[in-house]
Every structure is written in structure tokens, then in C-alpha cells.
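K.L.:
First the structure, which I've put down as C-alpha cells, then a few questions once you've had a look.
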Amino acid sequence: MKRLYFTALLIMLNGPILQAEPSTKYNDFEVHHTIFNSMFLNPAIASKYGLRRGENLGVINISVLGKEGHVSRPISGSYKNLLGQQFGLSFRKLVDENAVYFIALFDFDDADVLNFTINVSLPQGNEQIYLRKQMYRHRS
């Protein structure tokens, strides 16, 4: 419940943008992942957590749930555009009450299709998640 509250508060999504949060399951762990334009961050929430906002700045949010709730696991990753240019992701750990989130900011060009590779270190070994997202510049 706290995860849903924080995610809703964090991104302040509405209407047609709101989607079920995708996840990937590995044995006893579930890895949740969302990718969105940073302009959807509420300015007060962005300031509270030291997150920048920008028209061409994206956010990837990763959290890992185990049997007992949120767990802190090492996260790393990178992304590529369709030209094959690869960029690293620098994840920051954010803790909100009992929830643990890993947030990375990334630059993109308007209408970029980006391919993400996320590495999650779990007790049974390292797992990779492959995500694809088309990003659009926020227009006021």
C-alpha cells in the first residue's frame, strides 16, 4: 500500500498516462519498474528527494519486493538509443518509511525509443531486465 501511495505521490500521474505498474518476478522476488518524463514529478516531491525536472529528462524507478516487503538489492543499468549509443544509469537509493526505491535520471531526445538493461543482484544470482520505452519531450 505504501508503494502505491509513494508512486502516486512521486509521479502525480493522471488520466490517460496512468497505467498498471509493470513488474518482473524472480522466485521469491518481484521487481517493479516504471519509466516516465521527469516533468510528471510534483515539484515539491522532486525538491524533497533532490530530483531534477526537465523537458528532456526521464526517470526510471526500480523497487524490489520480497516475501517480507521492500528489500534493498544492488541495482545497475544502462540504456541505448536506436543509433546504438549507450549511456550508463546512476541509481540513487531513496527510502520512504518502509519502502526502498532506486531512481535514475537520464537524458533523451524527443520521440526517442530507448532500450534499457537493468541488472538486479538477487540472492539466487544476478538477473537482467530488458525494457523498451518511447520518451516524449514534455510540452507545457
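K.L.:
Only sites in a loop by DSSP and with at most 16 other Cβ atoms within 10 Å count here; which trypsin sites (Lys or Arg not before Pro) in segment 79-138 make the cut?
P.N.:
Counting only loop positions with at most 16 other Cβ atoms within 10 Å, the trypsin sites (Lys or Arg not before Pro) in segment 79-138 are R137.
K.L.:
Could I ask something else about it? So how strong a dipole does segment 93-135 carry about its Cα centre when Lys and Arg Cβ are +1 and Asp and Glu Cβ are -1, to the nearest 20 debye?
P.N.:
Dipole magnitude for segment 93-135 comes out near 200 debye.
K.L.:
If I model a spin label at Q124 and K80 as a point 7 Å from the Cα along the Cα→Cβ vector, what separation in nanometres do I get?
P.N.:
2.8 nm
K.L.:
Given 0.36 nm per residue, what is the gain on full extension from Q134 to Y26 after removing their alpha carbon distance, in nm?
P.N.:
Once the chain is fully extended between Q134 and Y26, it gains 36.3 nm.
K.L.:
Rounded to the nearest angstrom and ordered from largest down, what semi-axes does the equivalent ellipsoid of segment 33-98 get from its C-alpha gyration tensor (root of 5λ)?
P.N.:
23, 19, 9
K.L.:
While we're on this one: Just how far, in whole angstrom, is segment 126-140 from segment 66-87 if you go by their alpha carbon centroids?
P.N.:
Value for the Cα centre distance between the two parts: 11 Å.
K.L.:
Now a separate question. Can you give me the convex hull volume of the Cα atoms of segment 20-140, divided per residue and expressed in Å³?
P.N.:
Dividing the Cα hull volume of segment 20-140 by its residues yields 106 Å³.
Values in this text are rule-based calculations from the coordinates and carry no lab data. Note that the structure is predicted; figures quoted are calculated from it, not measured. As a convention, Cβ positions derive from the backbone with ideal geometry for all residues, glycine included, and neighbour counts pool all protein chains shown.
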